[in-house]
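Step one of this worksheet: look at the structure below.
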Amino acid sequence: MNNKNLSDYNISLRGQLLVNLPVIVIIIFTAFGLSMFLDLNFKIALLVGMVLGWSYWSYSVKKWIQWAVKNDVDIDRLIKIGKKGLLVWSKNTVEMVTKHNKTPFI
């Protein structure tokens, strides 16, 4: 597949389904699960869910960026799509994956 076949919508949709949706599900299920079944304070359970969600984000956003680069998506275009879709916050996130092959954490 090459860049001509991937619209901004397709790139963004894949990012939302592989990155943001699972992160939201992880946060919600962890927060409610820990507070309901383990009787943990909801604020603490939410914090645990956010940490787990953030950990998943750092793994999955790397996979999404690698997928996009493998499919010949321009880095600047990827950054623009990622920022609009709340998948990445800065150019450093994408460069960390593409140039240094590291997993982003922030």
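The values are calculated or read from the model by the stated rules, or taken from the named source; none is laboratory data. Owing to the predicted nature of the structure, the values given are computational and were not obtained by experimental measurement. Note that each Cβ is placed from the backbone with ideal geometry, even for glycine, and that neighbours are counted across all protein chains shown. When the accessible area is computed, the model is the full protein with side chains, heavy atoms only, and any ligands, DNA or RNA have been set aside. Shrake-Rupley method; radii C 1.70, N 1.55, O 1.52, S 1.80 Å.
Points to keep in mind about this one:
- Cα gyration tensor shape of region 30-90, rounded if a/c is under 1.5, else prolate or oblate by comparing a/b with b/c: prolate
- Whole-percent carbon and sulfur share, accessible surface of the chain, 1.4 Å: 65
- Max mean-square fluctuation residue, GNM over the chain, Cα-Cα springs under 10 Å, options L40, L87, L18: L40
- 1.4 Å probe accessible area per residue over the chain, in Å²: 65
- Taking the charge dipole of the chain about its Cα centre, with +1 at Lys and Arg Cβ atoms and -1 at Asp and Glu Cβ atoms, the residue from G82, Q16, N71 reaching farthest to the positive side is N71.
- Kirkwood's formula applied to the C-alpha pairs of the chain gives a hydrodynamic radius of 14.5 angstrom.
- Remark: relative contact order (the chain) = 31 percent; criterion is Cα-Cα distance under 8 angstrom and separation of 6 or more residues.
- Rounded to the nearest 10 degrees, the inclination of helix 21-37 to the longest alpha-carbon principal axis of the chain is 10 degrees.
- Along region 66-75 the Karplus relation, 6.51 cos²θ - 1.76 cosθ + 1.60 evaluated at θ = phi - 60°, assigns HN-Hα couplings of 4, 4, 5, 5, 4, 9, 6, 7, 4, 4 Hz to successive residues, with x for each Gly and Pro.
- Taking a ≥ b ≥ c as the square roots of the Cα gyration tensor eigenvalues, region 66-106 comes out oblate, since a/c reaches at least 1.5 and a/b does not exceed b/c.
- Equivalent ellipsoid semi-axes - Cα gyration tensor, region 1-59, angstrom: 33, 9, 6
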